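Down below is the structure, laid out as structure tokens.
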Amino acid sequence: MIEVKGFSFTYPTASRPALADVAFEVAPRELCAVVGGGGAGKSTLAGVVSGTVPHLTGGTAHGVVRVNGRDLAETPLSGLVGEVGLVMQNPFNQISGARFSVREEIAFGLENLGVPREEMAARIDPVLDDLGLTGVRDRSPYELSGGQQQLLAIGSILVMRPTVMVLDEPTSQLDAAGNALVFEALGTLREQGVTVLLIEHRMERLAGAADRVLVLDRGTIVAQGTPGEVLADERLEEWGVAPLRYTVAARHAAARGLWPDRQPLPVTLDAAAEGFGETTDRLARGDRR
Ligand SMILES: Nc1ncnc2c1ncn2[C@@H]1O[C@H](COP(=O)(O)OP(=O)(O)OP(=O)(O)O)[C@@H](O)[C@H]1O
């Protein structure tokens, strides 16, 4: 569980806060996505919830951030291993380079923690299996596709059994196939009951995957709710976020009376198909109101 209350943060050299009076909660097992324009404070928020900001960055922080009830201001980063894990944009930067195979790379963090050998196998093999990496377990991490490397980064964190995972634009460096792999892995995290904070700009995938969406604009949370509520909001563009094509198409149709009256604007392909299907049926019946 993540709890953020009245939290503000200013980087050491900055003249204005990167985050201002931010408040939200992510319930256990929930997947909460964060969207916003460039410089809105998304990466800073990822750092705050994973403990790197301000522990590693310095700067001035006010307010409270708790992960599983632990106040991060009072918890050293080492105390967060097994509680919260951070996956960043570029999988390449997250591979230690100190190990020869995928399996050894996943073992690396556990070795550092001094986990006994027998327990290591019991923890690593299911993670490889869950993420579909068993077939490449003996390969070098550098031979993997970008998507598989990101899965490896996720696996290296997952094996530490955090209850909370923060992913900061994990698909931004990946092609469509890599994207699909990462979003499948998010499904796996959910099945395992991990609470997820996901910074993501691929709105189509996010709309189908998230329980809740927060919008950050210039360091402030300007909207939060279900993907349907938040992503169909007509202020989305003002907040620096490009709306989904389905929503835009349905908004145009609605302005011409061609979207079903009581149907909310769609944020998924299925919902768009349903709404436009209803309109087509109505017109086919000769109902042109
Ligand atoms: N290390 C730093 N020192 C000073 N200011 C910083 C630092 N990192 C980020 N900032 C500033 O803090 C604000 C928020 O930045 P942040 O990177 O969190 O935004 P973001 O939403 O992740 O942006 P983007 O989508 O462009 O990555 C910006 O004004 C940025 O210039």
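The values are calculated or read from the model by the stated rules, or taken from the named source; none is laboratory data. Predicted model, so just to flag it, every value in this text is computed and none were measured. Neighbour counts are summed over all protein chains in view; Cβ atoms, including those assigned to glycine, are modelled from backbone coordinates with ideal geometry.
Which of the numbered conditions does Ala180 fail, given that it passes all the others? Conditions: (1) surrounded by fewer than 17 Cβ atoms within 10 Å (Cβ to Cβ); (2) small (Gly, Ala, Ser); (3) within 16 Å of the ligand (Cβ to nearest atom).
(3)
Looking at the stretch 193-200, is at least one residue surrounded by fewer than 17 Cβ atoms within 10 Å (Cβ to Cβ), at pLDDT below 95 and within 17 Å of Ile2 (Cβ to Cβ)?
Scanning the stretch 193-200, I find at least one residue that is surrounded by fewer than 17 Cβ atoms within 10 Å (Cβ to Cβ), at pLDDT below 95 and within 17 Å of Ile2 (Cβ to Cβ), so the answer is yes.
Assess whether Arg245 counts as being among the charged types (D, E, K, R) and either more than 16 Å from the ligand (Cβ to nearest atom) or modelled with pLDDT under 95 (or both).
For Arg245, the condition - among the charged types (D, E, K, R) and either more than 16 Å from the ligand (Cβ to nearest atom) or modelled with pLDDT under 95 (or both) - is met.
From Ser78, Ser156, Ser96, grab the single residue that is modelled with pLDDT under 90, hydroxyl-bearing (Ser, Thr, Tyr) and under 25 Å from Ile2 (Cβ atoms).
Working: Ser156 fails: modelled with pLDDT under 90; Ser96 fails: under 25 Å from Ile2 (Cβ atoms).
Going through Ser78, Ser156, Ser96 in turn, just one is modelled with pLDDT under 90, hydroxyl-bearing (Ser, Thr, Tyr) and under 25 Å from Ile2 (Cβ atoms): Ser78.
Residue by residue, here is whether (1) free of Cβ contacts under 8 Å to residues at least 24 places away in the same chain; (2) over 21 Å from the mean Cα position of the chain (by Cα) holds:
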{"position": "Val102", "(1), (2)": "no, yes"}
{"position": "Ala121", "(1), (2)": "yes, yes"}
{"position": "Ser140", "(1), (2)": "no, yes"}
{"position": "Gln150", "(1), (2)": "no, no"}
{"position": "Val166", "(1), (2)": "no, no"}
{"position": "Thr171", "(1), (2)": "no, no"}
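Within the stretch 44-55, can you find the residues that are among the hydroxyl-bearing types (Ser, Thr, Tyr) and more than 9 Å from the ligand (Cβ to nearest atom)?
Ser50, Thr52, listed by residue number.
Is it fair to say Thr134 is surrounded by fewer than 20 Cβ atoms within 10 Å (Cβ to Cβ) and farther than 18 Å from Ala209 by Cβ?
yes
Report yes if some residue within the stretch 110-131 is within 13 Å of the ligand (Cβ to nearest atom) and either of a type in the set (Val, Ile, Thr) or not in a strand (DSSP E or B) (or both); otherwise report no.
no
Restricting attention to the stretch 10-31, and to residues there that are within 9 Å of the ligand (Cβ to nearest atom) and within 11 Å of His62 (Cβ to Cβ), which single residue is surrounded by the most Cβ atoms within 10 Å (Cβ to Cβ)? Give the steps one after another, and end with the answer.
Looking only at the stretch 10-31, we keep the residues that are within 9 Å of the ligand (Cβ to nearest atom), and these are 10-14, 16-19.
So of that shortlist, the ones also within 11 Å of His62 (Cβ to Cβ) come out as 10, 17, 19.
On the way: Thr10: 18, Pro17: 22, Leu19: 26.
Selected residue: Leu19.
What pairs come up if the first residue lies in the stretch 273-289 and is part of a helix (DSSP H, G or I), the second is polar (S, T, N, Q), and their beta carbons are under 9 Å apart, counting only those six or more places apart or on different chains?
What qualifies is Glu274/Gln263; Gly275/Gln263; Glu278/Gln263.
Would you say Val127 is touching a Lys or Arg at 6+ places or on another chain (Cβ under 9 Å), among the aliphatic types (A, V, I, L, M) and at pLDDT 90 or above?
no
Quick test for you: out of Gly58, Gly41, Gly37, pick the one residue that is at positive phi, of a type in the set (Gly, Ala, Ser), within 12 Å of the ligand (Cβ to nearest atom) and touching a Gly at 6+ places or on another chain (Cβ under 7 Å).
Within the list Gly58, Gly41, Gly37, the selection yields Gly41.
Out of the residues in the stretch 63-85 that are under 18 Å from Gly109 (Cβ atoms), touching a residue at least 60 places away in the same chain (Cβ under 8 Å) and small (Gly, Ala, Ser), which is surrounded by the fewest Cβ atoms within 10 Å (Cβ to Cβ)?
This residue is Gly82.
For the stretch 1-34, give me the residue count where each residue is aliphatic (A, V, I, L, M) and in contact with a Gly (Cβ under 8 Å, 6 or more places away or on another chain).
Result for the stretch 1-34: 8.
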